[in-house]
Every structure is written in structure tokens, then in C-alpha cells.
Amino acid sequence: MCAARSEGFTLVEIVVLIVVVGAALAGVLLVFQNTVRGSADPQVRKQAIAIAEALLEEILLASYDPIAGGGTRADFNDVDDYATYTTAGGMRDIENNPIPGLENYNVSSVAVSPATLNDTGGVLTAVNEAKRITVTVTGPQGFDITLDGYRLKYAGP
């Protein structure tokens, strides 16, 4: 007579499977935890960059030559008016109204300085009348985003 042969897994095989699957699951969950923890940081940095880009574009669209005026940001009409512009207590629109959701972002500095742009390769003509604009925005976690741009004085047609 033949002994009956049973099919399936032994208790030892099942315990080993549980340990291996548990270790793999713990590793995968650790990766997810680290990913989720850092997923908000890029959004905060992108928002600070967007604020700095918007202000830099606003400044670059202003006149190169000084024009009478100034005072509040709504009256800024040339690049030099923005020198030393800062905000406190959150971002504000051009009319100085607080922008909801941006209370933790501030323009910590705007610098406008004369610059000379030279072509070291000797191909282009040097630009003697340029202004370097540096905008620094501070984010809610205390980091700074700094962007530079150049406003050139060029003759019209």
C-alpha cells in the first residue's frame, strides 16, 4: 500500500514567507514615507520661485530711465523705484492688498545696481548701460530664492 501524499506548504515555509513579505513591505512603506514627507517642499519652493519671477518681470517691464514718481508700488514707474523694496507680513499685490495663501512669503530684498555687460569673445558690442536687478524672496521655512535679471537701455528704432 502506498502512503498518502499530502500537497501544500509546511508551517516552516509559511513562516519564512511571512517574514520575507513583511521585510519587503516595511522597505516599500519606508520609501513611501520619505516620498510623502518631502512632497510638499517642492511646492513651497515653486511658489517662492513664481513670486520672485513675477516681481522680477514687473521690474524688467518698468522704464530704464528715471521718471518722476514713486512712493508706493502702484506708483513705481522705473527700475530704480524698486530698489530696497521689501514686504513684511506676507505678499501683497500692486495695490498693497494682502494676497490670501501667501502670508508666509516675503520679498526680503530688491537690489538695483549699474552693470556693464562685456562680450569676452569679442563678437558682440559691450553694453555700458545696463542695470542688474536682484530679487530675493523668503519662503515659509526660512529659505531664500534669489533671481537676477538685467534691464538694458537700448535706442528705439
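Residue-wise test of (1) of a type outside the set (K, R); (2) without any contact (Cβ under 8 Å) to a residue 24 or more places away in the chain; (3) under 18 Å from N106 (Cα atoms).
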site	(1), (2), (3)
V20	yes, yes, no
L29	yes, yes, no
R37	no, yes, no
V44	yes, no, yes
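Given the conditions (1) assigned to a helix (DSSP H, G or I); (2) touching a residue at least 12 places away in the same chain (Cβ under 8 Å), and given that G69 satisfies all but one, which numbered condition is not satisfied?
(1)
Considering E57, E7, E13, E53, which residue is modelled with pLDDT of 95 or more and either exposed (fewer than 14 other Cβ atoms within 10 Å of the Cβ) or touching an Asp or Glu at 6+ places or on another chain (Cβ under 8 Å) (or both)?
Details: E7 fails: modelled with pLDDT of 95 or more; E13 fails: modelled with pLDDT of 95 or more; E53 fails: either exposed (fewer than 14 other Cβ atoms within 10 Å of the Cβ) or touching an Asp or Glu at 6+ places or on another chain (Cβ under 8 Å) (or both).
That would be E57, the only listed residue that is modelled with pLDDT of 95 or more and either exposed (fewer than 14 other Cβ atoms within 10 Å of the Cβ) or touching an Asp or Glu at 6+ places or on another chain (Cβ under 8 Å) (or both).
Each row is one residue, and each column tells you yes or no for (1) touching a Leu at 6+ places or on another chain (Cβ under 8 Å); (2) free of Cβ contacts under 8 Å to residues at least 12 places away in the same chain.
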{"site": "S63", "(1), (2)": "no, no"}
{"site": "G101", "(1), (2)": "no, yes"}
{"site": "N106", "(1), (2)": "no, no"}
{"site": "V127", "(1), (2)": "yes, no"}
{"site": "A130", "(1), (2)": "yes, no"}
{"site": "F143", "(1), (2)": "no, no"}
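Going by what's in this entry, would I18 be described as modelled with pLDDT of 90 or more, part of a helix (DSSP H, G or I) and under 30 Å from N128 (Cα atoms)?
When the stated conditions are applied, I18 does not pass them.
Six or more apart or on different chains, Cβ under 6 Å: which pairs go from a residue in the range 74-98 that's within 24 Å of R151 (Cα to Cα) to one that's among the charged types (D, E, K, R) and assigned to a loop (DSSP other than H, G, I, E, B)? Could you list them?
Between residues of the range 74-98 that are within 24 Å of R151 (Cα to Cα) and residues that are among the charged types (D, E, K, R) and assigned to a loop (DSSP other than H, G, I, E, B), the close pairs are A74/E95.
Of all the residues that make up the range 110-126, how many are at negative phi and modelled with pLDDT under 90?
Residues that pass the stated criteria total 11.
Restricting to the range 102-135, and then to whatever is more than 15 Å from E58 (Cβ to Cβ) and in contact with an Asp or Glu (Cβ under 7 Å, 6 or more places away or on another chain), can you tell me which residue is surrounded by the fewest Cβ atoms within 10 Å (Cβ to Cβ)?
A126
What's the number of the condition G69 fails, among (1) out of contact with any helix residue (DSSP H, G or I) (no Cβ under 7 Å at 6 or more places or on another chain); (2) exposed (fewer than 15 other Cβ atoms within 10 Å of the Cβ)?
Just one mismatch for G69, condition (1).
The values are calculated or read from the model by the stated rules, or taken from the named source; none is laboratory data. This is a predicted model, so every value here is computed, not measured. Glycine also receives a Cβ, built like all others from the backbone with ideal geometry; neighbour counts cover every protein chain displayed.
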